[in-house]
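Every number in this text was worked out from the coordinates using simple rules, so none of it is lab data. This is a predicted model, so every value here is computed, not measured. We place every Cβ from the backbone using ideal geometry, glycine too, and count neighbours over all the protein chains shown.
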Amino acid sequence: MSGVKKMQNYKLTLCYDGTKYRGWQRQGNTPNTIQEKMEYLLSRVLGRETEIAASGRTDAGVHARRQVCSFRAEMDAEPEELLRKLREVLPEDIGAVSLERAEPRFHARLSCREKTYVYRLWTSTEPNVFLRRYTLSCPAPLDEAAMKAAAEALVGRHDFSAFCARSMKKSAVRSIRSIEFQKEGGELRLVFTGDGFLYNMVRILAGTLLEVGAGRLSPGEMPGILASKDRAAAGPCAPAKGLFLWEVSY
């Protein structure tokens, strides 16, 4: 019967500038998170309280080119109509890329198979003020050959406890399918693709590779760092501003 609202599952893809937010996850001590903002605006547009789940939590200051979310809602309007209304109320640093109906069992996090993160470095000595909020400035020369050799040792299925910023109660074993290096003018991008990433893991991987590039660590030390399972053995956690959740695969 027309006009009857049915509970349906939706897949929403977002992009956002995480500079001023305290990360994705809703927190009890601040309303300034992406999840809090999205749930408030979705609830406003839909006329009822709505919860939203993401493919994963991005940390404070981390950006997303493509973050996939899922939520359930009762509505008779087409997704295009909801997408239009949502775009009208979203702040300028959060964008709704697409919205579609999803299979009933689809869940943005639980259905995810693989994620790609990009860490962006500005390696030119010539400053680029327009990228200062989205890249880490590294004007000193980097040994990219050494960084690539170190990255090869990190690819595969390993216990990444040494690259996690908190103690893990569950397994810290993850699979990294690839770590690629992409050069675009003065920008060097470190592209990490894997089945899952621990807390701060990509930023610590990037920080460790930068230590190798600067000559403070050697590629041959990577297996020992992995085997140690000791956070202190790996490099520093690179700043959040250079990290982007780039793509999520299902």
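Regarding the stretch 193-250, what's the average projected area of the Cα-atom convex hull, expressed in nm²? Seen from a random direction, the Cα hull of the stretch 193-250 projects 4.6 nm² on average. D by Stokes-Einstein for the stretch 132-250, Kirkwood Rh over Cα pairs, 25 °C, 0.890 mPa s: 169 µm²/s.
Among the listed pairs Lys20/Lys115; Lys11/Lys37; Lys6/Lys115, those whose Cα-Cα separation exceeds 20 Å are Lys20/Lys115; Lys6/Lys115. Rounded to the nearest whole angstrom, the semi-axes of the ellipsoid equivalent to the stretch 164-207, taken from the Cα gyration tensor as √(5λ), stand at 25, 12, 5, largest first. Taking Cα atoms only, the orientation of helix 34-46 departs from the longest principal axis of the chain by about 20 degrees. For the stretch 6-101, the alpha-carbon radius of gyration amounts to 1.00 times the rule-of-thumb value 2.2 N^0.38 Å expected for a compact globular protein.
Mean residue ellipticity, 222 nm, helices only, the chain: the sum of -39500 (n - 2.57) across DSSP H runs of n ≥ 4, divided by residue count and rounded to 500, is -6500 deg cm²/dmol. With coordinates expressed along the principal axes, the C-alpha atoms belonging to the chain extend over 67, 42, 32 Å, beginning with the largest. Across the stretch 114-249, C-alpha contacts under 8 Å between residues 6 or more apart give a mean separation that, scaled by the residue count, equals a relative contact order of 38 percent.
Between 0 and 90 degrees, the angle of helix 144-154 with respect to the longest Cα principal axis of the chain falls at about 70 degrees. Rg ratio for the stretch 79-206: its Cα radius of gyration over 2.2 N^0.38 Å, N being its residue count, equals 1.33. What is the calculated FRET efficiency for Arg44 to Gln8, with r their C-beta to C-beta distance and R₀ = 22 Å, to the nearest 0.05? For Arg44 and Gln8, the calculated efficiency is 0.70.
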